[in-house]
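Contents: one structure, followed by commentary.
The values are calculated or read from the model by the stated rules, or taken from the named source; none is laboratory data. Note that the structure is predicted; figures quoted are calculated from it, not measured. Cβ: placed from backbone, ideal geometry, glycine included. Neighbour counts: every protein chain shown.
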Amino acid sequence: MTGGLFTQLLDLACGAFLLAAVVVLWRRELAAIVRYFALQGVALAALAVLLGSHEARWDLVGVGLGIGVLRAGVLPYLMRRALSALSADGVHSEEVRETQPLVNVAASLLTAALLTLLAYAVARPLTELDPTPATRALPVGLAVVLIGFFVLVTRRRALAQVVGFLLLDNGITATAFLATSGVPLIVELGVSFDVLLAVLVLQILTARMRVAFGTTDIDDLRELHD
Amino acid sequence: MSAAVGYAAVAGQVVVVGAGAPLLTGWMRQVRARLEGRAGAGVLQPWRDTRKLLRKEPVTPVGTGPAFRAAPALLVATTVVAAALVPLLSTDTPVSSHADLIVVVSLIALGTLALALAGLDTGTAFGGMGASREMTVAALVEPTILLSVFALSIPAGTTNIPAIVTGAVHEPARLTSPAGLLATAALAVAVLAETGRIPVDNPSTHLELTMIHEAMVLEYAGPDLALVELGSQLRLTLLLGLLSSLFVPWGIATSASWAGLAVALVLFAAKLVLLGAVLAAAEVFWAKVRLFRVPELLAGSFLLAVLAVASSYFLSGAS
């Protein structure tokens, strides 16, 4: 693969990665949010495979494929199952939409623009250490971390918060790939299993919440019930 | 010799935009009518409407001042000047060194402002409501247009629009980068909002709760109304032309030659006919967005423009 084509493809994958995070912030339907999260998983896998094949490190390509299966396949599948359990009885049709985020959508989109600029500003000294195409894309990973935090803080539905947490994790993984060309296989495996278990636990927690309170609105958890 | 070609190109741009704008609107209405199963009024209908309105006696409401009277002329004049500046047919014209992005955007904004002042000047409820809505939209649209073209001006190293277009003709890779794609999407949404098309505004409605542009111009009649309508048709043609020049620049004459100018003329007409047909077909399938959701859509396109600038500057530019 020539240098120019590699840079173009890497930029394209990073652009899709960041764009998916922004669209998650934009949409209200939880089903659409999960779909764009899966697309982000594909972009992240493409990023890892591109870096691996550019540096001829086949373990990195394997890690990339594994990440693709986990983040574009297994995690969205689990979330979709939780979602269909929520909308199954039809009574709580409000449950499948993020109707009233704490910060409205227009303001959160403008905040995302600010967070992206902040990420670029913060990552500048890091990029200047060794300006390669991969490190120049480093701010994209940081921006997704910040946007994930923002989703986690401002969304009310439990499932939207799970997506926020996973965006955060995607951002951290992308930063690791771009900055250091990937962490060791064993660390990546540990992190992946951690994320998988977290989602499984949160899925059960969401179902329990709905049984106990009749809603997945996190704000209702502020008071103690008996 | 080359100066003659340049002046011919400028005159050609003004004439093509001026004469073609009603035809483009008529073409879009015709495409839309055919897709909805109606026969349609024909491509020439906007020209017939203009002729009918121009023959009528000018009437102005009681109590309106110079802002109301000057607005239609100002709208048409600013748009014609912008049409002469923007490289629609040729990038090598006598005025191309003045065709700065900020000048063009501020000319467009001046037209918007004149109409909003005219809407306020009438003192009616609808005029004020339309003006306030138009300004809300404009406040988000103008920075989006500026930023999305900035994303393209970073690789070119200048905000001069002919220079940006010339650079893109010679280096098509600039347009297929993530920055180019994001900027295209952002500018397309901004153009839809600025020209008052569906999903932001419905140009064919007079329903008081939803209209934006039509509410401002409700008090106009006769020749003034003809000018206002011509002005909004000119703006649609100009902005679609700008979009096609920036993102599909092939065919625009980059040197002073008569043959290049003729090719550019044919290709420009073909691009606009195609863009108009695509836009009209898309409008059949879209619904208008609720007014309170419009800032959301525009904030999204602003964000796309910011991301385009950021990725253009940081990913590939700063090496």
Over the stretch A:29-55, the set of residues touching a Ser or Thr at 6+ places or on another chain (Cβ under 8 Å) and either within 10 Å of chain B (Cβ to nearest Cβ) or of a type in the set (Asp, Glu) (or both) is A:GLU55
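Being within 25 Å of B:VAL86 (Cα to Cα) and among the β-branched types (Val, Ile, Thr) narrows it down to one residue among B:VAL289, B:VAL284, B:VAL278, B:VAL294; which is it? Spell out how you get there, then give the answer.
On the way: B:VAL289 fails: within 25 Å of B:VAL86 (Cα to Cα); B:VAL284 fails: within 25 Å of B:VAL86 (Cα to Cα); B:VAL294 fails: within 25 Å of B:VAL86 (Cα to Cα).
Answer to the check: B:VAL278.
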For the stretch A:139-150, enumerate the residues that are touching a Ser or Thr at 6+ places or on another chain (Cβ under 6 Å) and at the interface with chain B (Cβ under 9 Å from one of its Cβ atoms). A:ALA143
Scanning for something under 30 Å from B:PHE126 (Cα atoms) and at pLDDT 90 or above, does the stretch B:242-264 turn up at least one residue? no
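Looking for something surrounded by fewer than 17 Cβ atoms within 10 Å (Cβ to Cβ), part of a helix (DSSP H, G or I) and within 14 Å of another protein chain (Cβ to nearest Cβ) - is there at least one such residue anywhere in the stretch B:306-315?
Start the filter on the stretch B:306-315 by keeping residues that are surrounded by fewer than 17 Cβ atoms within 10 Å (Cβ to Cβ), which leaves B:313.
This time we only want the ones that are part of a helix (DSSP H, G or I), so: B:313.
From the residues that got through so far, the ones that are within 14 Å of another protein chain (Cβ to nearest Cβ) too are B:313.
Yes, the stretch B:306-315 contains at least one residue that is surrounded by fewer than 17 Cβ atoms within 10 Å (Cβ to Cβ), part of a helix (DSSP H, G or I) and within 14 Å of another protein chain (Cβ to nearest Cβ).
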Scan the stretch B:197-226 for residues that are closer than 15 Å to B:ALA114 by Cα and under 16 Å from the mean Cα position of the chain (by Cα) and report the count. 1
Just give me the residues in the stretch B:87-114 being part of a helix (DSSP H, G or I), under 18 Å from the mean Cα position of the chain (by Cα), farther than 18 Å from B:HIS213 by Cα and small (Gly, Ala, Ser), in sequence order. B:SER106
Hits in the stretch B:281-294 - residues which are crowded, with 21+ Cβ neighbours inside 10 Å and not β-branched (Val, Ile, Thr): B:GLU283
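Please verify whether A:SER84 is more than 15 Å from the chain's Cα centre (by Cα), more than 14 Å from every other protein chain (Cβ to nearest Cβ) and assigned to a helix (DSSP H, G or I), treating the condition exactly as stated. Steps first, answer last, please.
On the way: more than 15 Å from the chain's Cα centre (by Cα): yes; more than 14 Å from every other protein chain (Cβ to nearest Cβ): yes; assigned to a helix (DSSP H, G or I): yes.
Yes: the conditions hold for A:SER84.
Considering each of B:THR184, B:THR144, B:THR237 in turn, give the residue that is of a type outside the set (A, V, I, L, M, F, W, C), in contact (Cβ under 8 Å) with a residue 12 or more places away in the chain, within 14 Å of chain A (Cβ to nearest Cβ) and surrounded by 24 or more Cβ atoms within 10 Å (Cβ to Cβ).
Details: B:THR184 fails: surrounded by 24 or more Cβ atoms within 10 Å (Cβ to Cβ); B:THR237 fails: within 14 Å of chain A (Cβ to nearest Cβ).
That would be B:THR144, the only listed residue that is of a type outside the set (A, V, I, L, M, F, W, C), in contact (Cβ under 8 Å) with a residue 12 or more places away in the chain, within 14 Å of chain A (Cβ to nearest Cβ) and surrounded by 24 or more Cβ atoms within 10 Å (Cβ to Cβ).
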Among the residues of the stretch A:3-16, is there at least one that is surrounded by fewer than 17 Cβ atoms within 10 Å (Cβ to Cβ) and of a type in the set (Val, Ile, Thr)? no
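Within the stretch A:15-24, does at least one residue satisfy the condition of being within 14 Å of chain B (Cβ to nearest Cβ) and over 23 Å from B:LEU298 (Cα atoms)? Before the answer, list the steps.
Residues of the stretch A:15-24 within 14 Å of chain B (Cβ to nearest Cβ): A:15-24.
So of that shortlist, the ones also over 23 Å from B:LEU298 (Cα atoms) come out as none.
No, the conditions are met nowhere in the stretch A:15-24.
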For A:VAL105, state whether it is within 12 Å of chain B (Cβ to nearest Cβ), surrounded by fewer than 21 Cβ atoms within 10 Å (Cβ to Cβ) and touching a Phe, Trp or Tyr at 6+ places or on another chain (Cβ under 7 Å). yes
Any idea which residue in the stretch B:142-162 is nearest to the chain's Cα centre (by Cα), counting only those that are assigned to a helix (DSSP H, G or I) and of a type outside the set (A, V, I, L, M)? B:GLU142
Residue, nearest to the other protein chains (Cβ to nearest Cβ), within the stretch B:148-181, restricted to residues that are closer than 19 Å to B:ALA82 by Cβ and of a type in the set (A, V, I, L, M, F, W, C): B:PHE150
Can you find a residue in the stretch B:276-292 that is aliphatic (A, V, I, L, M), more than 22 Å from B:THR25 (Cβ to Cβ), under 20 Å from the mean Cα position of the chain (by Cα) and more than 14 Å from chain A (Cβ to nearest Cβ)? no
So B:SER301 ticks every box in (1) small (Gly, Ala, Ser); (2) touching a Ser or Thr at 6+ places or on another chain (Cβ under 6 Å); (3) surrounded by fewer than 17 Cβ atoms within 10 Å (Cβ to Cβ) but one. Which box is left unticked? (3)
Would you call A:ARG208 surrounded by fewer than 22 Cβ atoms within 10 Å (Cβ to Cβ), in a helix (DSSP H, G or I), within 14 Å of another protein chain (Cβ to nearest Cβ) and charged (D, E, K, R)? no
The listed residue being surrounded by fewer than 20 Cβ atoms within 10 Å (Cβ to Cβ) and small (Gly, Ala, Ser), out of B:SER232, B:SER257, B:SER245: B:SER257
Of everything in the stretch A:157-181, what is at pLDDT below 85 and either outside any helix (DSSP H, G or I) or within 12 Å of chain B (Cβ to nearest Cβ) (or both)? Give them in sequence order. A:ARG157, A:SER181
